[in-house]
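Structure, as structure tokens:
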């Protein structure tokens, strides 16, 4: 503001007419900026307060005239939210986020009683619900979801990460979904093995465009899927911590032809191991049925997933994350790795890939050739490499020695030096030994002793480019130490992050 005033005074000293011109320009910029600034409104306690009109009269005028999209939290005062919403002339969407696990507050059933039916019908308002707590209601409360959420507005529903006690039936949620015929997006989330919907013969879900199922115990037959699920409009599908083979063996691949996003992470420890069969089915789906994927993130048996399936999407794929089930959690198990010749072929054909994630076991590949192939993707700017620790559980680690860090630094220098094309690196991550944000360390006694000395097999090094300065720096991520009794699913679900502030400057050799 001070610089602006100084500039205006300088203009007046040159020619008073310039001040008048600047004033007109500022007004014009203001006319352009205000509608943009107020188009999406995130509600706060101050703006919904009863005396907001006294403190922010102009802001409320702009909200009334220019706001189309509102983001609201369930822990805000319902009456205050309602006052703001009713002022808005064209309410196109409301994004409602539950934060307290309750679907009603006092006399308000949220958000049904807060949204004006006439206003939303006139504007064809869309409702996006996030963090809805997963509950099973019975008796007089059985219609709680239907009472709280206006089903004729609901287009997107994302469930909260479930907390105990976990539900064993999904009837309340099922009835909400069956009634919400405008619904396009569903993110379902359970824990562990999870459960599944039990459908009556006449029940059929709406045609979803985006479906995410986490810890859903898919046991539906092909006949049940054809009767109760509608995948005719699906473009984004994520199957996480669930039996992927069961899904792929029951769904018509023809209905998945328009997928643009596909993400599959198998969990079927309670079932016979069919992950090789799931890999083959996945390869068939990607190679022969899906037309043009933009994002593919899968964990498979690498040697049962030939790269010709990926080449089918050479013109459209921008994000590729390809992992093997083996991983790097145990140093005596070798992780199958894509052949560097195949990776070079992908780099040659896939001109649009910007984000890439791969395993690299040095026993199964020639590291320099593999890294050169990774560098050859012309549009690539973000790379994640998973590697094994170079340490052994019985070796003596001398003070000041850090062999995993040294190996990671050599890899980073190599990648920076050999990057092809005109697109610079934005970020490179070297994940060592199966590192996760929430770690259960290796359980063997030798590794326990190494951990007590501050020596760990699991590390994570990140090279990032500063968007402002263009400089690149390296940091090491620090894991949150989970209980050693935690289950693998619980490790993956907890996404708390702590970062090591110890940055180390790295010269840019590009």
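The values are calculated or read from the model by the stated rules, or taken from the named source; none is laboratory data. What you are looking at is a predicted structure, and each value in this text was computed from that prediction instead of being measured. Positions of Cβ are generated from backbone atoms using ideal geometry, with glycine treated the same way; all protein chains shown enter the neighbour counts.
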query: In the range 309-331, which residues are surrounded by fewer than 20 Cβ atoms within 10 Å (Cβ to Cβ), over 20 Å from residue 260 (Cβ atoms) and in contact with a helix residue (DSSP H, G or I) (Cβ under 7 Å, 6 or more places away or on another chain)?
result: 325
message: List the residue pairs whose Cβ atoms are under 6 Å apart, where the first residue sits in the range 149-168 and is in contact (Cβ under 8 Å) with a residue 12 or more places away in the chain and on the phi < 0 side of the Ramachandran plot, the second is part of a strand (DSSP E or B) and surrounded by fewer than 14 Cβ atoms within 10 Å (Cβ to Cβ), and the two are 6 or more positions apart or on different chains.
response: none
task: Report, by residue number, each residue of the range 375-393 that is closer than 23 Å to residue 333 by Cβ, surrounded by 16 or more Cβ atoms within 10 Å (Cβ to Cβ) and in contact (Cβ under 8 Å) with a residue 24 or more places away in the chain.
output: 384, 385, 386, 387, 388, 389, 391, 393
query: Which one of the conditions (1) under 13 Å from residue 320 (Cβ atoms); (2) in contact with a helix residue (DSSP H, G or I) (Cβ under 9 Å, 6 or more places away or on another chain) does residue 355 fail to meet, given that it meets all the rest?
result: (2)
Which listed residue is loosely packed, with under 15 Cβ neighbours inside 10 Å and in a loop (DSSP other than H, G, I, E, B), from 207, 164: 164
- prompt: Looking at the range 270-293, is at least one residue free of Cβ contacts under 8 Å to residues at least 40 places away in the same chain and within 18 Å of residue 354 (Cα to Cα)?
  reply: yes
statement: Counted residues in the range 419-448 being assigned to a helix (DSSP H, G or I) and in contact (Cβ under 8 Å) with a residue 40 or more places away in the chain come to 2
query: Quick one: how many residues across the range 114-158 are closer than 15 Å to residue 85 by Cα and surrounded by fewer than 18 Cβ atoms within 10 Å (Cβ to Cβ)?
result: 8
field: Checking residue 111 against (1) exposed (fewer than 14 other Cβ atoms within 10 Å of the Cβ); (2) in contact (Cβ under 8 Å) with a residue 12 or more places away in the chain; (3) over 14 Å from residue 68 (Cα atoms); (4) over 22 Å from the mean Cα position of the chain (by Cα), the condition it does not meet
entry: (1)
task: Kindly provide the set of residues from the range 79-91 that are surrounded by fewer than 17 Cβ atoms within 10 Å (Cβ to Cβ) and in contact with a strand residue (DSSP E or B) (Cβ under 6 Å, 6 or more places away or on another chain), ordered by number.
output: none
- prompt: Which residues, taken from the range 168-179, are assigned to a loop (DSSP other than H, G, I, E, B) and surrounded by 16 or more Cβ atoms within 10 Å (Cβ to Cβ)?
  reply: 170
message: Quick test of your reading of the structure: residue 192 fulfils all but one of (1) surrounded by 19 or more Cβ atoms within 10 Å (Cβ to Cβ); (2) in a loop (DSSP other than H, G, I, E, B); (3) under 24 Å from the mean Cα position of the chain (by Cα). Name the failing condition by number.
response: (1)
query: Failed condition for residue 353, given (1) free of Cβ contacts under 8 Å to residues at least 40 places away in the same chain; (2) over 25 Å from the mean Cα position of the chain (by Cα), with all others met?
result: (2)
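Rundown of residues vs (1) part of a loop (DSSP other than H, G, I, E, B); (2) under 30 Å from the mean Cα position of the chain (by Cα), yes/no style:
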residue: 120; (1), (2): no, yes
residue: 128; (1), (2): no, yes
residue: 131; (1), (2): no, yes
residue: 136; (1), (2): yes, yes
residue: 140; (1), (2): no, no
residue: 146; (1), (2): no, yes
residue: 151; (1), (2): yes, yes
residue: 155; (1), (2): no, yes
statement: Within the range 320-346, residues touching a residue at least 60 places away in the same chain (Cβ under 8 Å) and under 26 Å from the mean Cα position of the chain (by Cα) come out as 321, 323, 327, 328, 329
message: Looking only at the range 249-269, filter to residues that are in contact with a helix residue (DSSP H, G or I) (Cβ under 8 Å, 6 or more places away or on another chain) and assigned to a loop (DSSP other than H, G, I, E, B); which one of those is farthest from residue 216 (Cα to Cα)?
response: 252
Unmet criterion (only one of (1) modelled with pLDDT of 95 or more; (2) in a loop (DSSP other than H, G, I, E, B); (3) more than 21 Å from the chain's Cα centre (by Cα); (4) crowded, with 18+ Cβ neighbours inside 10 Å) for residue 278: (2)
